[in-house]
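**Q** A single structure is presented below for examination.
The values are calculated or read from the model by the stated rules, or taken from the named source; none is laboratory data. Since this is a predicted model, take the numbers as computed values, not measurements. Here the Cβ is made from the backbone with ideal geometry for all residues, glycine too, and neighbour counts use every protein chain on show.
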Amino acid sequence: MARERDRPWIFRTYSGHSSAARSNELYRSNLAKGQTGLSVAFDLPTQTGYDADHPLARGEVGKVGVPIGHLDDMVRLFDGIPLDRMNTSMTINATAAWLLALYAAAAERQGVAPEKLEGTTQNDIIKEYLSRGTYVFPPDASMRLISDMVAYTVDSIPRWNPINVCSYHLQEAGATPVQEIAYSMANAVAVLDSVRARSDLPDQAIARVFGRISFFLNSGIRFVEEVCKCRAMAELWDWLGRDR
């Protein structure tokens with residue numbers, strides 16, 4: 001009996017620049033060439049909660065990603081791209097809740113219900129304290145934002161990954177593979193504990209939450225060690241979900 005082929009991987013290009021209109025042109029061009037998903041890069045003002053016309057945003061608008069300040073920007077970014085057939089990753093942390101809200105609103109303007117949306121928000125705000133530094137709020141408030149997003153999406157946007165635990169940036173900041181595993185797993189466990197402590201989610205929702213958490217890994221130059229790291233993380237995550 002012939003084995004059914006696995007669903008192919010989603011291929012994305014991490015991209016976004018200049019303006020929503022210019023980035024839309026790039027996305028549509030990449031999709032026409034065979035790209036199967038989108039990975040949105042936001043500029044630093046958007047990542048840290050500043051409008052493009054704010055004095056502190058001067059010189060950074062559109063430099064390392066696309067500037068998004070309001071709903072019309074988000075609508076323009078995905079103009080002509082059917083969001084019910086797209087899997088979109090958004091690399092956004094401190095302001096992830098606002099950007100996901102704009103994405104869902106843009107989809108509604110296309111006539112697409114939230115439950116049909118597929119994709120990921122990085123939303124790993126605690127990691128920002130350990131590596132990149134694009135946090136906006138204190139740790140407790142940041143964890144509350146993460147937890148709020150997880151609790152909302154589990155039912156309202158059930159095909160969405162509300163957090164992408166990002167060990168990649170820990171390695172970029174100098175962590176060894178062992179440290180990378182330790183810090184990223186501690187981060188993920190803290191998120192799960194925060195979600196489990198909520199009064200607005202039933203206990204049976206935790207299994208669905210666990211299934212929607214994704215990870216973002218990097219492989220350094222020590223290939224064998226990096227393969228072992230990935231396998232160890234997968235086994236440890238399985239154990240944490242099953243027994244802890």
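**Q** Restricting to region 123-138, count the residues that are touching a Phe, Trp or Tyr at 6+ places or on another chain (Cβ under 7 Å) and under 21 Å from Tyr50 (Cβ atoms). Outline the logic, then answer.
**A** First pass over region 123-138, keeping only residues touching a Phe, Trp or Tyr at 6+ places or on another chain (Cβ under 7 Å): 125, 128-130, 135.
Now narrow it down to the ones that are under 21 Å from Tyr50 (Cβ atoms): 125, 128-129, 135.
Final tally of qualifying residues: 4.
**Q** Within region 129-176, take every residue that is among the small types (Gly, Ala, Ser), within 21 Å of Thr46 (Cα to Cα) and surrounded by fewer than 15 Cβ atoms within 10 Å (Cβ to Cβ) and give me the one that is modelled with the lowest pLDDT.
**A** Here the answer is Gly133.
**Q** Right, here's the next one. Name the residue that is farthest from Arg144 (Cα to Cα), counting only residues in region 191-213 that are of a type in the set (Gly, Ala, Ser) and not in a helix (DSSP H, G or I). Steps first, answer last, please.
**A** First pass over region 191-213, keeping only residues of a type in the set (Gly, Ala, Ser): 194, 197, 199, 205, 207, 211.
In the following step, the residues that additionally are not in a helix (DSSP H, G or I) were identified as 197, 199.
Values: Ala197: 11, Ser199: 13 Å.
Of everything passing the filter in region 191-213, Ser199 is farthest from Arg144 (Cα to Cα).
**Q** Mind counting the residues in region 161-190 that are outside any loop (DSSP other than H, G, I, E, B), touching a residue at least 60 places away in the same chain (Cβ under 8 Å) and within 15 Å of Asn93 (Cα to Cα)? Working first, answer last.
**A** Initially, region 161-190 is screened for residues outside any loop (DSSP other than H, G, I, E, B), giving 161, 163-166, 168-172, 177-190.
Then keep just the ones that are touching a residue at least 60 places away in the same chain (Cβ under 8 Å); that gives 164, 187, 190.
With within 15 Å of Asn93 (Cα to Cα) added as a condition, the list becomes 164, 187.
Looking only at that region, the number is 2.
**Q** What pairs can you find where one residue is in region 54-67 and under 7 Å from His17 (Cα atoms), the other is of a type in the set (S, T, N, Q), and their Cβ atoms are less than 6 Å apart, with a gap of 6+ or different chains?
**A** Taking only residues 6 or more apart or on different chains, the pairs are Gly62/Ser18; Val66/Ser23.
**Q** Also, quick follow-up: Count, please, the residues in region 201-231 that happen to be aliphatic (A, V, I, L, M) and surrounded by 14 or more Cβ atoms within 10 Å (Cβ to Cβ). Quick ask: steps written out before the conclusion?
**A** Within region 201-231, the subset aliphatic (A, V, I, L, M) is 201, 205-207, 209, 213, 217, 221, 224, 227.
Still in the running and surrounded by 14 or more Cβ atoms within 10 Å (Cβ to Cβ): 201, 205-206, 209, 213, 217.
Here the count works out to 6.
**Q** Okay, moving on. Hey, among Val209, Val154, which residue is in contact (Cβ under 8 Å) with a residue 40 or more places away in the chain, in contact with a Lys or Arg (Cβ under 7 Å, 6 or more places away or on another chain) and among the β-branched types (Val, Ile, Thr)? Explain how you work it out, then say what you get.
**A** Numbers: Val209 fails: in contact with a Lys or Arg (Cβ under 7 Å, 6 or more places away or on another chain).
Only one candidate qualifies: Val154.
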